[in-house]
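One structure, as structure tokens, below. Some questions next.
The values are calculated or read from the model by the stated rules, or taken from the named source; none is laboratory data. The shown structure was predicted, so the numbers you read here are calculated from the model rather than taken from an experiment. Every residue, glycine among them, receives a Cβ derived from its backbone with ideal geometry; neighbour counts consider all protein chains shown.
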Amino acid sequence: MKYIKNGLIMVGVLCVCAVSINAVQNTPESTEISKTSAQRNNDNEAGEEKSVAKTYAIKALSVPEDLDFAGESVPLEDPDVYERLDRELLVNTYWQSNALLLMKRAEKYFPVIEPILKEEGVPDDLKYIAVIESGLTQAVSPARATGFWQIMSGTGKDYGLEINDNVDERYHIEMSTRVAAEYLKNAKENLGTWTLAAAAYNAGNRGISRQLERQKVTDYYDLLLGEETGRYVFRILALKEIMSDPAKYGFQFEDDDLYQHIPTRKVEVDTVVRDFPDFAKKFGINYKILKIHNPWLREAHLNNASRKKYEIDIPEEGNYPAIN
């Protein structure tokens, strides 16, 4: 009897434990714990998708009905032209950080570029070539094209730029803009339109002329070209459209958010400069600031054995903190 009694007690204890465990497993917390990892991930993703859909929308863009480049009409009635422009509008609008940086830099550098193009008789729209070539930075390509306008060494020398280890005027924004303007005017004269001249800035005069002759057409938009040159003018068009009306494409900023052009004065130098850090201090700036405004000075000294006259840009007082 003793064994039977003890056995019944043990059965009772086990029953109580089983009921307790079942109650715990049926609570909301335990139900969540018992879900598989995949089930929990699915629940989380569903919630996130709902949240993202409410706060962020990727919208198709309206392609402008009328668009021109340097006064030359873009044939948007051609479905191929329409699709290629749409692609570049999408790519450049939704690469928001890059587009916004371009707008910030444009406020700083377009005041230098625009009057030179006007003086040289080049339409203002061609300033966007510098935007797509370098992002308005002193870039150097794998092929060693250099500066805002990505000028090759041979081309720069052909157009009168000094290019060596000590001085490289491809980095001089004003001088390189004049070279680009001359190149574009020559291309326009050879090819007939500013649109073809812009394409030639990428593929060369002979490259575009050869394709026009081979394909028996006269217009850029009728040419079948490689990927880079085929997209080239459309990238210009897209950035012109976005940067001309940023609010239309969802960009929101104040004037104070943009980088500001810093006025400078020119100091003539026709001698050797042995130490640019000491030279800079004479004008109340440091070497870093001197190089920011004169990136064409490639070393910390100026050889100038020929006593050539150079103009060095010195920022006006009050634009930078005073040096110690």
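Please verify whether the range 274-288 includes one or more residues that are of a type in the set (A, V, I, L, M) and either in the same structural domain as L161 (by TED's automatic domain parsing) or surrounded by fewer than 13 Cβ atoms within 10 Å (Cβ to Cβ) (or both).
Our first condition is that a residue be of a type in the set (A, V, I, L, M); within the range 274-288, this holds for 280, 285.
In the following step, the residues that additionally are either in the same structural domain as L161 (by TED's automatic domain parsing) or surrounded by fewer than 13 Cβ atoms within 10 Å (Cβ to Cβ) (or both) were identified as none.
No, that holds for no residue.
Confirm whether Y259 is among the aromatic types (F, W, Y), under 17 Å from the mean Cα position of the chain (by Cα), assigned to a helix (DSSP H, G or I) and surrounded by 12 or more Cβ atoms within 10 Å (Cβ to Cβ). Give the derivation first.
On the way: among the aromatic types (F, W, Y): yes; under 17 Å from the mean Cα position of the chain (by Cα): yes; assigned to a helix (DSSP H, G or I): no; surrounded by 12 or more Cβ atoms within 10 Å (Cβ to Cβ): yes.
So Y259 does not fit the description; no.
Residue by residue through the range 91-123, note down the ones that are in contact (Cβ under 8 Å) with a residue 40 or more places away in the chain and either assigned to a loop (DSSP other than H, G, I, E, B) or of a type in the set (D, E, K, R) (or both).
Selection gives K104, R105, E107, K108, E120, G121, V122, P123.
Could you identify the single residue in N186, N190, N166 that is closer than 25 Å to I312 by Cα and either more than 23 Å from the chain's Cα centre (by Cα) or not assigned by TED's automatic domain parsing to the domain that holds I236 (or both)? Steps first, answer last, please.
Numbers: N186 fails: closer than 25 Å to I312 by Cα; N190 fails: closer than 25 Å to I312 by Cα.
That would be N166, the only listed residue that is closer than 25 Å to I312 by Cα and either more than 23 Å from the chain's Cα centre (by Cα) or not assigned by TED's automatic domain parsing to the domain that holds I236 (or both).
What residue, of G160, G156, is surrounded by 20 or more Cβ atoms within 10 Å (Cβ to Cβ), small (G, A, S), in the same structural domain as K240 (by TED's automatic domain parsing) and in contact with an Asp or Glu (Cβ under 9 Å, 6 or more places away or on another chain)? Steps first, answer last, please.
On the way: G160 fails: surrounded by 20 or more Cβ atoms within 10 Å (Cβ to Cβ).
Result: G156 is the single residue among G160, G156 that is surrounded by 20 or more Cβ atoms within 10 Å (Cβ to Cβ), small (G, A, S), in the same structural domain as K240 (by TED's automatic domain parsing) and in contact with an Asp or Glu (Cβ under 9 Å, 6 or more places away or on another chain).
Kindly state which helices (runs of 4 or more DSSP H) lie completely within the range 172-256 and contain at least 3 residues that are among the hydrophobic types (A, V, I, L, M, F, W, C) and in contact (Cβ under 8 Å) with a residue 12 or more places away in the chain. Please lay out each step first, then the result.
On the way: elements: 173-191, 194-203, 205-215, 227-244.
In the range 172-256, 173-191, 194-203, 227-244 are the helices (runs of 4 or more DSSP H) which contain 3 or more residues that are among the hydrophobic types (A, V, I, L, M, F, W, C) and in contact (Cβ under 8 Å) with a residue 12 or more places away in the chain.
Inspect all residues belonging to the range 81-101 and state whether any of them is under 17 Å from Y220 (Cβ atoms) and hydrophobic (A, V, I, L, M, F, W, C). If you could, list the steps in order and put the result at the bottom.
Let us first name the residues in the range 81-101 that are under 17 Å from Y220 (Cβ atoms), namely 81-85, 87-88.
Narrowing the set further to residues that are hydrophobic (A, V, I, L, M, F, W, C) leaves 81, 85.
Scanning the range 81-101, I find at least one residue that is under 17 Å from Y220 (Cβ atoms) and hydrophobic (A, V, I, L, M, F, W, C), so the answer is yes.
I've got another one for you. Could you list all residues from the range 115-128 that are of a type in the set (A, V, I, L, M, F, W, C), closer than 15 Å to E72 by Cβ and within 22 Å of the chain's Cα centre (by Cα)? Working first, answer last.
The initial filter retains those residues of the range 115-128 that are of a type in the set (A, V, I, L, M, F, W, C), namely 116-117, 122, 126.
From what's left, closer than 15 Å to E72 by Cβ: 122, 126.
Listed by number, the list holds a single entry, L126.
Residues of the range 300-323 being in contact with a Ser or Thr (Cβ under 8 Å, 6 or more places away or on another chain) and either in a loop (DSSP other than H, G, I, E, B) or farther than 15 Å from E268 by Cβ (or both), which ones?
Answer for the range 300-323, where residues must be in contact with a Ser or Thr (Cβ under 8 Å, 6 or more places away or on another chain) and either in a loop (DSSP other than H, G, I, E, B) or farther than 15 Å from E268 by Cβ (or both): N304, R307, P315, E316.
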